[in-house]
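Following: one structure in structure tokens, then a few remarks.
The values are calculated or read from the model by the stated rules, or taken from the named source; none is laboratory data. Since this is a predicted model, take the numbers as computed values, not measurements. Positions of Cβ are backbone-derived with ideal geometry, glycine not excepted, and every protein chain shown enters the neighbour counts. Please note that ligands, DNA and RNA were not included when accessible areas were found on the heavy atoms of the full protein model with its side chains. Shrake-Rupley method; radii C 1.70, N 1.55, O 1.52, S 1.80 Å.
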Amino acid sequence: MLELSILGFLAEQPLHGYELKERIKALSGHVRPVSDGALYPAITRLVTAGKLDQHTEEGTSAAPRRVLSLTGKGREDLLERLRHPKPAEITDHVRFNTVLAFLRHLPDPHEQAAVLRRRLDFLETPASFFYRDGEPVRAEETGDLFRQGMLRVARATGAAEREWLTEAISQLDQAS
């Protein structure tokens, strides 16, 4: 997800490392913080692979800073990652939000809708945080106030997300 975030933000504009880190942190850092020890090696891998370009600029009041921009190869990689998100990027809420944050970069509404359909299919599969005899436990069946709260909030959030996904897919289908 870190590389997707890097590619996605740089598809919008060139950024220096600190700006990039702050944008990634704003997107998912409250849930999954990004460390320098993860960010800068990821940037180096992408530069080495020819997906990012870098040049040095004078800093406004500090040392020179490295400015990163997306290459054509990086844009191709971004679009491929958006067309075919990994299963965990569909099933994990935070990872899916990262995909959503950059899905507008896919130029084809049909491809955008296909990604949203995968998420909708996942959300429509019965699931729970808790199981009894292999079956999902519903909020009303937990007998535990706190687990009931988790399940009720998840149910409400899931219903709202399914409603939005259905509307968005309909709009994208009309556009394609």
Item checked: Unique residue being within 21 Å of L103 (Cα to Cα), in a helix (DSSP H, G or I) and in contact with a Gly (Cβ under 8 Å, 6 or more places away or on another chain) when the list is L39, L27, L7, L20 -> L7
Next item on the list: Please enumerate the residues belonging to the stretch 126-145 that are open to solvent by less than 70 Å² (accessible area, probe 1.4 Å) and among the aromatic types (F, W, Y).
Entry: F130
Checklist line | Given (1) part of a helix (DSSP H, G or I); (2) open to solvent by 70 Å² or more (accessible area, probe 1.4 Å), number of the condition I90 does not satisfy | finding: (2)
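For the stretch 30-82, give me each residue that is among the basic types (K, R), under 15 Å from S5 (Cα atoms) and open to solvent by less than 90 Å² (accessible area, probe 1.4 Å).
If the condition is that a residue be among the basic types (K, R), under 15 Å from S5 (Cα atoms) and open to solvent by less than 90 Å² (accessible area, probe 1.4 Å), then K51, R81 are the ones that fit.
Among the listed residues L100, L123, which satisfies the condition of being in contact with a Gly (Cβ under 6 Å, 6 or more places away or on another chain), open to solvent by 30 Å² or more (accessible area, probe 1.4 Å) and within 26 Å of L2 (Cβ to Cβ)? Please lay out each step first, then the result.
Values: L100 fails: in contact with a Gly (Cβ under 6 Å, 6 or more places away or on another chain).
Residue meeting the stated conditions: L123.
Can you tell me how many residues in the stretch 60-107 are closer than 18 Å to G17 by Cα, modelled with pLDDT of 95 or more and of a type in the set (G, A, S)? Talk me through it step by step, then tell me what you get.
Filtering the stretch 60-107 down to residues closer than 18 Å to G17 by Cα leaves 60-71, 74.
Still in the list and also modelled with pLDDT of 95 or more: 68-71, 74.
Still in the running and of a type in the set (G, A, S): 69, 74.
Summing the residues that are closer than 18 Å to G17 by Cα, modelled with pLDDT of 95 or more and of a type in the set (G, A, S) in the stretch 60-107 gives 2.
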